[in-house]
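The values are calculated or read from the model by the stated rules, or taken from the named source; none is laboratory data. Note that the structure is predicted; figures quoted are calculated from it, not measured. Note: ideal-geometry Cβ built from the backbone for every residue, glycine included; neighbour counts use all protein chains shown. Only protein heavy atoms, including side chains, enter the accessible area calculation; ligands, DNA and RNA are left aside. Shrake-Rupley method; radii C 1.70, N 1.55, O 1.52, S 1.80 Å.
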Amino acid sequence: MSTDGLVARARRALGKSWGFHRPPHAFVLTENRLVHVSLPREARGIRPIGGATVTSRDLPPGTFRPGPAGLPVAGPGLGQAISSLLPQKERLTAASLAVPDGFVKAATVDLEPGAQKRPKELAEMLRWKVSRLYGEPSPELRITWCEAGVAPDGGTRLLVLASPEETIASLEAAFLAHGIRIGALEPAALAMSAIASLALSGTGLVVFTDGPNVSTVFLEKGAVRFVRSRETAGDPEQALQEIRLAAAFVGGASSEGAGLDLTGEVVVEPASAPVSIRFREYLVENGGKEPVSLLPTLRTLGFPQWGEDTAPLVGVGLLQGVG
């Protein structure tokens, strides 16, 4: 969604590199805060890479105004939050940004063999496909896509992500007003999956509760294969059904009576969220595996335990290099 692409990491293996080709600064926008996660100079480009500094500011009134498709557009308040988080002794010119999962819609599109050889027609078709997620009339969209496996007929399956152009451009402009170019821009669940991928050895399911949204991310050999986000955090039973439907789609099963493949590994964050608790109960009730903890991975990388605050996890995920 930015110049470097919202799903840039999805084009490569998530777990291959912790050399920081991305800037050592990441911002995480939540429902009510802006969080800055940065690495000290002495920790950049080495492993373990601990020592991250995490600072945050509450978003002031007026940070957003209503925008297209019910999504917000950044106003002056975001600039105030950015200014208050800038380091005093370092000029910050580039950073990565994570946005709430609800800012982005995702779709999987199966292409016929050879369709990618017609890039102009492909872009138009994908834009039309994803615009239907926003209803009529659809706003102007910023879209990006990556390969996400093989379609049933032998063609290519693409993962397409989209957000209103006005929303994304307003975020970029707020940072650019402070001299900061936003490169990678990702929904929070996708960013956090970079850490989850390490804990899952590259393959597994990630369930992430981000404010009112519950997101399901499927990883295979470090690559993102599927992303689904729904505003179901207030109803754990509905959220569980959405997760099961997502699992059925990825597995190629019918949605009728579909269940999860309980032999695989999963990461569930934050652990105390009602959806996380219900999902763990479902796994236990059906003989599935306990969710994989991220704590050993964080310790190996030299990071502290941040408790139930997922913003630092998201920020550290953004810092992972994509080179």
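Full extension of the chain between Ala271 and Ser201 yields a length gain of 23.2 nm, computed as 0.36 nm times the residue separation minus the alpha carbon distance. In the calculated pair-distance distribution of segment 96-233, the portion above 19 angstrom amounts to 56 percent of the Cα-Cα pairs.
Rounded to whole Å and sorted largest first, what semi-axes of the equivalent ellipsoid does the C-alpha gyration tensor of segment 184-305 yield via the square root of 5 times each eigenvalue? Values for segment 184-305, descending: 21, 16, 15 Å. Ordering of 184-194, 59-69 by packing is 184-194, 59-69, highest average first (other Cβ atoms within 10 Å, averaged per residue). Close amide H contacts of Phe226 (hydrogens built in the peptide plane, cut-off under 5 Å, sequence separation of 5 or more or a different chain): Phe218.
Calculated on the Cα set of segment 154-237, radius of gyration then Dmax: 15.2, 47 Å.
Rounded to the nearest whole Hz, the Karplus-based 3J(HN,Hα) values (6.51 cos²θ - 1.76 cosθ + 1.60, θ = phi - 60°) of segment 281-294 follow the sequence 4, 4, 4, 5, 4, 10, x, x, 7, 5, x, 7, 7, 7, with x at glycine and proline. Placing +1 on the Cβ of every Lys and Arg and -1 on the Cβ of every Asp and Glu, with nothing else charged, gives segment 82-178 a dipole about its Cα centre of roughly 200 debye.
Each Cα pair of segment 73-156 feeds into the Kirkwood radius, which the Stokes-Einstein equation turns, at 4 °C and 1.567 mPa s, into a diffusion coefficient of 79 µm²/s. Packing order of peptides 152-158, 277-283, 213-219, 88-94, highest average first: 213-219, 277-283, 152-158, 88-94 (average count of other Cβ atoms within 10 Å over each peptide's residues).
Contact order, relative form, for segment 183-316: 25 percent (alpha carbon pairs under 8 Å, 6 or more residues apart, mean separation divided by residue count). Rolling a 1.4 Å probe across the protein heavy atoms gives segment 86-176 an accessible surface of 51 Å² per residue. When the Cα atoms of segment 123-175 are aligned to their principal axes, the ranges along those axes come out at 43, 27, 15 Å in descending order. Measuring nothing but protein heavy atoms, the accessible surface of segment 142-289 at 1.4 Å probe radius is 50 percent carbon and sulfur.
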